[in-house]
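See structure below.
The values are calculated or read from the model by the stated rules, or taken from the named source; none is laboratory data. Keep in mind it's a predicted model, so treat the numbers as computed, not measured. Cβ coordinates were reconstructed from backbone atoms using ideal geometry, including for glycine residues, and neighbour counts include every protein chain displayed. Ligands, DNA and RNA are excluded from the accessible area calculation, which covers all protein heavy atoms including side chains. Shrake-Rupley method; radii C 1.70, N 1.55, O 1.52, S 1.80 Å.
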Amino acid sequence: KTRKLPADYVPQQLVQPDVPLVFQGDNLPYNKMRVEAAEALEQMFTEAKREGLQLVARSGYRSYETQVAVFKRNEQKHGAEKANQYSARPGESEHQTGLVMDVTCPTVNNELVVAFEDTDEGKWLQQYAADFGFIIRYPEGKEDITGYQYEPWHLRYVGPDAAQVIMSQNLTLEEYIL
């Protein structure tokens, strides 16, 4: 919420990771990520599958224009104050960086719900996401720091070294940067 991207920012080299996806179709922007994040996501999904888990990618890259529509819809449904607790304003969404993927599983009907944390997949991500360079970006109990409600499904790629520190010390990205 304190570091905004310009409306015309589009990351280079957006690719669709070769993982199970909620939304099917060719060239869907929200199935894409930056190359380094997509490769790490593929490795993570492969390992999870080896362990008998079913991760599903739901929402990656979102353009500024898409986030305008997303926030407006949430604002109309719940009001600006409530929407701002779980939905980024345009330019403030990490999805625009191409480094984020919202992840879910069939146990919760591929929805983005807090109950995901109680699934085998959610527990596995909490334990192993950092090994692949991902953090659970909006951890529980840190809402006053991140400005967003707890989202066990929102994975941000930061690289393995930073991810290990952030997750092992129960930090937010904001705390790590400081």
Selection within the range 79-106 - in a helix (DSSP H, G or I), touching a residue at least 40 places away in the same chain (Cβ under 8 Å) and open to solvent by 50 Å² or more (accessible area, probe 1.4 Å): 85, 86, 106
Take the range 25-39 and flag every residue that is surrounded by fewer than 17 Cβ atoms within 10 Å (Cβ to Cβ) and assigned to a helix (DSSP H, G or I). 29, 35, 36
Members of the range 139-178 that are closer than 21 Å to residue 111 by Cβ and not in a helix (DSSP H, G or I): 139, 140, 148, 149, 150, 151, 152, 153, 154, 155, 156
Any idea how many residues of the range 40-78 are outside any helix (DSSP H, G or I) and in contact with a helix residue (DSSP H, G or I) (Cβ under 6 Å, 6 or more places away or on another chain)? 7
Among the aliphatic types (A, V, I, L, M) and at pLDDT below 95: is that true of residue 83 in this structure? yes
Mind listing whichever residues of the range 143-165 are more than 22 Å from residue 89 (Cα to Cα), in contact (Cβ under 8 Å) with a residue 24 or more places away in the chain and open to solvent by 40 Å² or more (accessible area, probe 1.4 Å)? 160, 164
Which one is least open to solvent (accessible area, probe 1.4 Å) among residues in the range 132-142 that are in contact (Cβ under 8 Å) with a residue 40 or more places away in the chain and not aromatic (Phe, Trp, Tyr)? 133
Given the residues 53, 21, which is the only one that is more than 18 Å from the chain's Cα centre (by Cα), aliphatic (A, V, I, L, M), over 20 Å from residue 159 (Cβ atoms) and surrounded by 18 or more Cβ atoms within 10 Å (Cβ to Cβ)? 53
